[in-house]
Amino acid sequence: MVQEERSAGAILFFLDSTVHKIEYLLLNYAAGHWDFPKGNIENGEDELQTTRREIREETGIYDVEFIEGFRNKIEYYYRRNQTLIQKEVIFFLARTSIRQVTLSREHNAYLWLAYEKALDLLTYKNAKNVLVEAKLFLEKNSL
């Protein structure tokens with residue numbers, strides 16, 4: 001039997017307007033992989049509420065501005081004990097003016113990285129694809 005799980009998260013970026021340089025936030029999860037802030041959608045929450053809460057819980061960042069028009073869904077399967085889980089994750093694109101991160105116990109480290117370095121460090125191909133889409137969206141919309 002397959003269980004379904006839904007999560008939401010964000011490609012969170014910081015724009016240094018003095019040099020017009022974008023850096024993306026990556027978190028090192030306790031399991032060892034590098035990914036974006038995300039987590040399970042709780043009862044009564046919509047996707048954006050979950051994303052805002054997860055960013056706050058995982059990074060301590062409250063200042064989040066969602067970039068309208070970007071919503072990217074990925075799906076994958078994984079096993080938890082003997083159960084097959086079908087996971088759907090909705091990613092949004094969000095800007096912050098805060099670089100200071102306070103990590104939750106779920107994470108070992110964080111890095112703010114330029115696009116190419118972030119792309120290299122991300123562990124999973126689907127996360128890399130979401131970052132590519134986010135960068136293209138930012139370029140297309142001159143952000």
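General observations
- For the condition out of contact with any Cys (no Cβ under 8 Å at 6 or more places or on another chain), part of a helix (DSSP H, G or I) and free of Cβ contacts under 8 Å to residues at least 40 places away in the same chain, ARG79 does not qualify.
- Residues (open to solvent by 50 Å² or more (accessible area, probe 1.4 Å) and in a strand (DSSP E or B)) located in segment 87-105: ARG95
- Here GLU23 clears all of (1) charged (D, E, K, R); (2) open to solvent by 60 Å² or more (accessible area, probe 1.4 Å); (3) in a strand (DSSP E or B) except the condition numbered (2).
- Within the set ARG71, ARG99, the sole residue that is within 25 Å of VAL132 (Cβ to Cβ) and at pLDDT below 95 turns out to be ARG99.
- If the condition is being open to solvent by less than 70 Å² (accessible area, probe 1.4 Å) and under 13 Å from ILE11 (Cβ atoms), then segment 60-86 contributes VAL64, PHE66, ILE67, PHE70, ASN72, ILE74.
- Scanning segment 52-63 for residues that are among the charged types (D, E, K, R), in contact with a strand residue (DSSP E or B) (Cβ under 9 Å, 6 or more places away or on another chain) and in a helix (DSSP H, G or I), we see that the one that is nearest to LYS87 (Cα to Cα) is GLU54.
- Look at (1) open to solvent by 80 Å² or more (accessible area, probe 1.4 Å); (2) part of a loop (DSSP other than H, G, I, E, B); (3) not hydroxyl-bearing (Ser, Thr, Tyr) and you find that GLN49 fails only one, number (2).
- Filter result (of a type outside the set (S, T, N, Q) and exposed (fewer than 15 other Cβ atoms within 10 Å of the Cβ)) within segment 107-127: ALA109, ALA114, GLU116, LYS117, ASP120, TYR124, LYS125
- Positions within segment 30-47 being touching a strand residue (DSSP E or B) at 6+ places or on another chain (Cβ under 7 Å) and without any contact (Cβ under 8 Å) to a residue 40 or more places away in the chain, in sequence order: PRO37, GLY39, ASN40, ILE41
The values are calculated or read from the model by the stated rules, or taken from the named source; none is laboratory data. Treat the numbers as computed from the prediction; the structure is a model and nothing was measured. As a convention, Cβ positions derive from the backbone with ideal geometry for all residues, glycine included, and neighbour counts pool all protein chains shown. Note: areas computed on protein heavy atoms with side chains; ligands, DNA, RNA excluded. Shrake-Rupley method; radii C 1.70, N 1.55, O 1.52, S 1.80 Å.
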